[in-house]
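Only one structure is covered here, and it is reproduced in the block below.
The values are calculated or read from the model by the stated rules, or taken from the named source; none is laboratory data. This one's a predicted model, so the numbers in the text were calculated from it and none came from an experiment. Backbone-built Cβ (ideal geometry, glycine too); neighbour counts: all protein chains shown. The protein model used for the area step is the full one, side chains on, heavy atoms only, and it has no ligands, DNA or RNA in it. Shrake-Rupley method; radii C 1.70, N 1.55, O 1.52, S 1.80 Å.
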Amino acid sequence: MADDFLKQLYDFVDSSVRYHLESPDNLKDFLTYLAGMRTDVSMRNKLLTYGYNPHATDIRTKEAWEKDGVTVQDETAMIYNIQQVPGEKGHYSERVMYDVSSTDMQPETFEQFPNAGFFAERLLMYPPCPIRFSDKPLTDNRRASYDPEKGIIEVTGGFKSEEHVCYGLLREFSHFYLRENEMRLFKKEEKNASDSIAFAYNRDKHGIESQAISYAVCSRYGIELPKLDVVHPPEGKPQDLMRILEGMDYALQRISKLIEEGGIQQRRFLGQNEGVNQKAEKMDHQPRDRIQE
């Protein structure tokens, strides 16, 4: 009976991964959920959690909640995840989780930015790689473009609004981390391959992911949402589609880490320099060394 239920969980994951990528509306709903999720679990378990509660934000076992002094008030609101059986490689079982909404604890929230200008400033101050401003036109008329060979993000003028600055930067941040993730997987798979081949990242194949990541990050931090066009939904086996969602989540978590650690550093810096003009503080702050004129 337990094996039958575990198979149902796996079957649900296989069907839902395709469902979330087949239309813009489905993807938007799932990205909104990912934007609010704080718990670091596998994409497989995030898909399962969404199936039980699309508004879940923080899931833990009953024992984990109690260890933190939190009481699960609604034990009927079970969320089943899949876990590896301790000490038994390749063997898995279901695990019961509970969302924070089923406990007596108030859910934590992500930082909300008052406007796109403040958010764009944070992105410029804490990029994943150096940013260089340029007067020259960029490839395909983009206003921002990640160059993996140079290891920089080039930015030019002509943005329509502060929101578009955010979208452009987030798209390129996304390509930085999508490439990093692809390289990580490539190196892992190359070890098991008989022939050695060169790694190549094709950004055109990751257009949907970069849009989706930008959408999720903006949703997480309260910025006006960009358009999300899924003209040609990705196709492939469930494991191929899962890899797309895992790449999105990989980039989302790392961009969020930049934003949140940047906020901590800014608050610490401002706290150490009370009475100094805030604008001067921001201009002199060390992370700007990563911005090249």
* Of all residues in the range 94-105, which are open to solvent by less than 10 Å² (accessible area, probe 1.4 Å) and over 20 Å from His55 (Cβ atoms)? -> none
* What are the residue pairs meeting all of these: first residue in the range 126-152, first residue at positive phi and in contact (Cβ under 8 Å) with a residue 40 or more places away in the chain, second residue among the acidic types (Asp, Glu) and surrounded by fewer than 16 Cβ atoms within 10 Å (Cβ to Cβ), Cβ atoms under 9 Å, and 6 or more apart or on different chains? -> none
* **Selection status of Glu63, farther than 30 Å from Ala251 by Cβ, assigned to a loop (DSSP other than H, G, I, E, B) and either touching a Ser or Thr at 6+ places or on another chain (Cβ under 9 Å) or without any contact (Cβ under 8 Å) to a residue 24 or more places away in the chain (or both)** => no
* To do: Just need a number here: residues in the range 221-246 that are under 14 Å from the mean Cα position of the chain (by Cα) and either hydroxyl-bearing (Ser, Thr, Tyr) or open to solvent by 10 Å² or more (accessible area, probe 1.4 Å) (or both).
  => 4
* To do: Name every residue in the range 16-29 that is touching a residue at least 40 places away in the same chain (Cβ under 8 Å) and either open to solvent by 10 Å² or more (accessible area, probe 1.4 Å) or in a helix (DSSP H, G or I) (or both), in order of residue number.
  => Val17, Arg18, Glu22, Ser23, Pro24, Leu27, Lys28
* Asked: Which residues, taken from the range 2-32, are closer than 18 Å to Ile82 by Cβ and not charged (D, E, K, R)?
  -> Ala2, Phe5, Leu6, Gln8, Leu9, Tyr10, Phe12, Val13, Ser15, Ser16, Val17, His20
* Structure fact -> How many residues of the range 106-125 are surrounded by 16 or more Cβ atoms within 10 Å (Cβ to Cβ) and free of Cβ contacts under 8 Å to residues at least 60 places away in the same chain? The answer is 1
* Under the condition of being within 20 Å of Cys218 (Cβ to Cβ), outside any strand (DSSP E or B) and in contact with a Phe, Trp or Tyr (Cβ under 9 Å, 6 or more places away or on another chain), which residue from the range 121-158 is modelled with the lowest pLDDT? -> Arg143
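Evaluate the range 191-207: report whether one residue or more is at pLDDT 95 or above, farther than 26 Å from Leu34 by Cβ and in a loop (DSSP other than H, G, I, E, B).
no
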* Asked: For the range 30-83, what are the residues that are buried (at least 20 other Cβ atoms within 10 Å of the Cβ) and of a type in the set (S, T, N, Q)?
  -> Asn45, Thr49, Asn81
